[in-house]
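The values are calculated or read from the model by the stated rules, or taken from the named source; none is laboratory data. Here the structure is a predicted model, which means the values were calculated and not measured. Every residue, glycine among them, receives a Cβ derived from its backbone with ideal geometry; neighbour counts consider all protein chains shown.
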Amino acid sequence: MRLMVRRLRDGIPPTVVALGLVSFLTDLSSDMIYPLVPVFLQSELGATAAALGLIEGLAESTASISKVLSGLWTDRIRRRKPFVLVGYGLAGAVRPLMGFATSWVHVASVRVVDRLGKGLRTSPRDALIADVTSEEHRGAAYGLHRAMDDAGALLGPVVAAVLVGAGLGLRGVFWLAVIPAVVVVAVIVVAVREPPGRRSGSGGRVEPIRWGWREMGRDYWWLLAAVFVFTLGNSADAFLLLRLSDAGVTAAGVALLWGLLNGVKMIASVLGGRLSDLLGRKPLELSGWAVYALVYGGMAVFTSLPVLVGLFLVYGISFGLTEPVERAWVAGLVPERLRGSAFGYYHAAVGLGALPASVIFGGVWVTTGPGAAFLLGATLAGIAATMLIRVPDPGPRAASVARRGPRTTPM
């Protein structure tokens, strides 16, 4: 076991491991609460589904906007850790306040501030991972981080279920979520380090804001365009769960499959990130989108329950082949001084695509049927893949060859 852990951490700086632990604890805290919010709103506050939709729409819009702003600002001051600390600390501080809510407006306020914290930390954190990790290990670094994030998402609902099953009320679960949030702040303060001399290039001065649109280059923007098109077909996972439910999976079975999906994502993220360091970013990204298209195509065609369950679990593999790879690819396409901004625009592209994606998918589902909706998602994944082919892969193998110089053949 120790050997396996050492292999997984090979080439990954301690700061990345610390950020992985931070994400694990944050998702543990968040997912103790998030799955219970709809029940809490309905059973204790008397809120409607429309209120839930408004809350989540405001929350996710706040996160998308603040990811861009934090990305621009972290490049301006040439610091990452303050944003990471404030972002995680803010979210951890307000999240347990859900236990004091007396109306859905209070819940909305907590969710918006929680997502503001997520927006403040995400782009600087992703840039910091690239700052401290060499190019040939970035896929593995992002893969480990995503895997620990998924592990927290897997464990959080389990902890919440155990606490509720033991007789603790929903408000009590919300209050207990403060414990991992406190540990998160301590880990960031003690273990997260920025690269030495980060501010020396500007002599400690605050840089003017650089939008960086032209400097990032055409290849970066073409990658974002492909990601945006893919995201338009990447509807909320709730539709996959609805498909399983319609096929006969019980509520308990849906919850179990959701946990298993997070387990698959966790393993796939570690393997996908490391494979992208060996094979390049583009082959892994194309493979992940191909898996996604096959799963959505299968969901449209098949009705057998075992087949649908199998497709749902295979769906988790697509995350491991894309999420860490996209982050490593973004970091490799732009200048170091613009990484925060680049991640801000990247996350904005994903957020902007996700906003209409579920609306379009749901509309097609209602008007034409689930088969047509899933086929639409598979088609958009195929279109995005054709766009991706033209983006160069400045992956670790090319960087390694450049460092070694041209290979000479002995006479």
Only listed residue being basic (Lys, Arg), at pLDDT 75 or above and exposed (fewer than 14 other Cβ atoms within 10 Å of the Cβ), chosen from ARG390, ARG403: ARG390
The stretch 12-46 - residue that is charged (D, E, K, R) and under 19 Å from VAL185 (Cα atoms) and, of those, modelled with the highest pLDDT: ASP27
Residues of the stretch 109-133 classified as without any contact (Cβ under 8 Å) to a residue 40 or more places away in the chain and among the aliphatic types (A, V, I, L, M), total: 2
Residue in the stretch 330-340 that is more than 24 Å from ARG390 (Cα to Cα), part of a helix (DSSP H, G or I), outside the structural domain of ALA147 (by TED's automatic domain parsing) and not polar (S, T, N, Q) present: yes
Any chance ARG115 is outside any loop (DSSP other than H, G, I, E, B) and in contact with a Phe, Trp or Tyr (Cβ under 8 Å, 6 or more places away or on another chain): no
Conditions (1) β-branched (Val, Ile, Thr); (2) modelled with pLDDT under 95; (3) crowded, with 23+ Cβ neighbours inside 10 Å: number failed by VAL84: (2)
Some residue of the stretch 250-270 being in contact with a helix residue (DSSP H, G or I) (Cβ under 6 Å, 6 or more places away or on another chain), among the small types (Gly, Ala, Ser), surrounded by 20 or more Cβ atoms within 10 Å (Cβ to Cβ) and in the same structural domain as SER287 (by TED's automatic domain parsing): yes
Residue within the stretch 135-149 that is surrounded by 20 or more Cβ atoms within 10 Å (Cβ to Cβ) and not in a helix (DSSP H, G or I) present: no
Near pairs, Cβ below 7 angstrom, 6+ apart or cross-chain, from the stretch 36-57 (more than 16 Å from ARG111 (Cα to Cα)) to any residue that is modelled with pLDDT of 70 or more and assigned to a helix (DSSP H, G or I): GLU44/LEU170
Per-region count, the stretch 167-190, residues at pLDDT 85 or above and of a type outside the set (A, V, I, L, M, F, W, C): 1
All positions within the stretch 87-109 that are crowded, with 24+ Cβ neighbours inside 10 Å, farther than 20 Å from VAL132 by Cβ and not charged (D, E, K, R): ALA91, GLY92, MET98
Count - residues of the stretch 62-106 that are of a type outside the set (Lys, Arg) and not in a helix (DSSP H, G or I): 3
